[in-house]
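To start, the structure under review is shown below, and the notes come after it.
The values are calculated or read from the model by the stated rules, or taken from the named source; none is laboratory data. Values in this document were obtained by computation on a predicted structure and should not be read as measured data. Note: ideal-geometry Cβ built from the backbone for every residue, glycine included; neighbour counts use all protein chains shown. These accessible areas exclude ligands, DNA and RNA; they are computed on the full protein's heavy atoms, side chains included. Shrake-Rupley method; radii C 1.70, N 1.55, O 1.52, S 1.80 Å.
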Amino acid sequence: MFHSAAWLADHDLGGERVAVIGTGASAIQFVPRIQPTVASLTVFQRTAPLVLPHRNRRITRGERALYRRVPAAQRFVRGLVYWSRELFAGALLRNSEKSLGKLEQVARKHLQDGIPDPALRAKVTPEYTPGCKRLLPSNDWYPALAADNVDVVTDKIVEVTETGVLTADGTQHPVDTIIFGTGFHVIGNPVADRIKGVDGRTLAEHWAMSGMSAYLGTTVPAFPNLFLLAGPNTGIAHTSLVVTIEAQVRYVVDALRRMAEVGAGTVEVRRPVFDAWTEEMLNKAAPTVWNSGGCASWYLDDAGRNPVLWPDYTFRFARRTPALPPRRLPAPRRRPPEGRHLMAVELAGATTLVT
């Protein structure tokens with residue numbers, strides 16, 4: 001048994017009976033790769049993913065030559081890709097029945113083309129609004145499931161035995177190897193148990209009381225000088241996470257520069273600003289397809305809140321994280337005696353620097 005993130009490269013799956021638990025973004029990548037080599041493949045599915053055609057085309061030699069000679073051409077193409085994704089985000093943010101209905105038509109045609117068997121097709125047809133769970137592009141997922149050596153099981157797993165997997169209908173599925181494509185800790189990230197604030201409580205304890213949140217996905221009250229990248233509400237469901245990470249990096253670098261300028265020892269977000277931000281995230285997320293699309297996803301916590309995704313356009317996130325203009329920026333001071341705090345400086349009304 002092993003998780004897809006800890007792949008046993010020296011374990012030969014050739015000729016084995018293999019079980020895969022999970023049908024998300026991990027499984028959709030490795031299942032088509034191992035299917036031709038295994039004797040049999042049993043895919044245990046809890047929820048059918050929505051799968052879209054994957055363009056996945058190669059950049060031509062002519063395009064590469066053009067980009068080398070005219071860099072502006074590549075920036076133009078990247079701009080087109082970015083803004084097309086931002087336009088698509090509108091349908092997810094509004095849970096637009098019209099726009100997402102068209103997306104569902106594309107997905108259903110892709111499913112029909114990939115799986116001719118009506119019984120299997122019904123088994124792997126999603127029953128939620130497109131976008132509620134992560135959208136998965138793949139051209140080889142459905143053909144892999146339709147292969148003669150693959151069986152898709154939707155009955156609940158009740159036990160892993162010495163020889164296989166037992167499901168709720170009483171069937172014992174004999175397997176040699178189990179691969180877990182069961183995802184990763186996003187909510188309840190273990191790192192939160194290792195970070196303590198000024199009150200001695202861990203970040204996990206703070207979040208257990210009020211929910212996982214960070215101002216701009218980056219800073220948390222009572223945790224001075226803690227900067228999170230790809231923190232709460234910075235995840236992306238329509239474009240590249242690099243967009244939000246780059247915006248966060250600008251924000252963090254500027255905060256560090258301001259600290260150096262004023263001789264500050266700590267920087268911490270103010271509680272009223274943090275609370276207002278948390279409330280804003282809850283309100284913005286409520287009407288999105290991720291919250292109201294009829295599914296239970298890894299985007300949501302136990303209370304049904306969405307602390308993972310950025311519930312808006314990414315260009316708006318970038319606007320919220322510019323270089324911080326100070327309201328007051330005193331001349332640099334000499335380092336104060338140990339334990340003394342001489343002044344506070346507000347940056348953009350949100351952050352307090354203390355020397």
- Note on the structure: So, with points 7 Å from each Cα along the Cβ direction, the residue 112-residue 82 label distance in nm works out to 3.8 nm
- Return the carbon/sulfur percentage of the accessible area of region 127-246, one whole number, probe 1.4 Å, all protein chains in place. 52 percent
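If R₀ is 51 angstrom, what is the calculated FRET efficiency for the pair residue 57 and residue 210, using the beta carbon separation as r and rounding to 0.05?
Working: r = 46 Å, r/R0 = 0.90.
The formula returns an efficiency of 0.65 here.
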- Message: Multiplying the sequence separation of residue 104 and residue 191 by 0.36 nm and subtracting their Cα-Cα distance, what value in nm do you get?
- Response: 27.6 nm
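Looking at the square roots a ≥ b ≥ c of the eigenvalues of the Cα gyration tensor of region 190-269, which shape do they give, rounded for a/c under 1.5, prolate if a/b is larger than b/c, or oblate? Don't skip to the answer; put the middle values down first.
Details: a/c = 2.56, a/b = 1.02, b/c = 2.50.
Oblate is the answer for region 190-269, as a/c is 1.5 or above yet b/c matches or exceeds a/b.
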- Query: Taking springs between alpha-carbon atoms closer than 10 angstrom, which of 172, 112, 74 fluctuates most in the Gaussian network model of the chain?
  - Reply: 74
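So what is the relative contact order of the chain, in percent, for Cα pairs below 8 Å that sit 6 or more residues apart?
Values: 565 pairs, mean separation 69.0, N = 355.
It comes to 19 percent, rounded to a whole number.
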- Calculate, for residue 140 and residue 172, the FRET efficiency according to 1/(1 + (r/R0)^6) with r their C-beta to C-beta distance and R0 30 Å; round to the nearest 0.05. 0.50
- GNM on the chain, C-alpha springs below 10 Å: top fluctuator among 108, 69, 33? 69
- Query: With each pseudo-label sitting 7 Å past Cα toward Cβ, what's the residue 12-residue 155 distance in nm, one decimal?
  - Reply: 3.3 nm
- Task: Report the antiparallel proportion of the DSSP beta bridges in the chain as a percent, rounded to a multiple of 5.
- Result: 50 percent
- Note on the structure: Toy charge model, Lys and Arg Cβ at +1, Asp and Glu Cβ at -1: region 21-121 dipole around Cα centroid in debye, rounded to 20, equals 620 debye
- Note on the structure: Between the alpha carbon centres of region 179-193 and region 2-46 the gap in Å comes to 20 Å
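Skip the ligands, DNA and RNA, and give the accessible area per residue of region 1-146 with a 1.4 Å probe, whole Å². Provide the component values of the computation, followed by the final result.
Details: 8680 Å² over 146 residues.
I get 59 Å² per residue for this part.
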- Task: Evaluate the relative contact order of region 121-174 (contact order divided by residue number), counting alpha-carbon pairs under 8 angstrom at least 6 apart; express in whole percent.
- Result: 18 percent
- Message: If you take mean projected area of the Cα convex hull in nm² from the coordinates, which of [x] 23.5; [y] 19.9; [z] 16.9 do you get?
- Response: [x]
- Using a 1.4 angstrom probe on the protein heavy atoms only, line up 295, 132 by accessible area, largest first. 295, 132
- Part-to-part distance (alpha-carbon centres) for region 96-116 and region 237-254, which is given in Å: 31 Å
- Message: Under 10 Å, Cα contacts only: if you run a Gaussian network model on the chain, which one of 138, 40, 84 comes out with the highest mean-square fluctuation?
- Response: 84
- Message: At 222 nm, what value in deg cm²/dmol follows for the chain if DSSP H runs of at least 4 each add -39500 (n - 2.57) and the sum is divided by all its residues, to the nearest 500?
- Response: -11000 deg cm²/dmol
- For residue 318 and residue 147 in the same chain, what is the full-extension length gain: residue separation times 0.36 nm, less their Cα-Cα distance, in nm? 57.0 nm
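Where the accessible area of region 1-115 is counted over protein heavy atoms with a 1.4 Å probe, how much of it, in %, is carbon and sulfur?
Values: 3870 of 7280 Å².
The value for region 1-115 is 53 percent carbon and sulfur by accessible area.
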- How far apart, in nm, are two points set 7 Å out from the Cα along the Cα-to-Cβ line at residue 275 and at residue 97? 3.9 nm
- Query: Of 196/284; 98/123; 98/133; 156/284, which sit over 23 Å apart, Cα to Cα?
  - Reply: 196/284; 98/123; 156/284
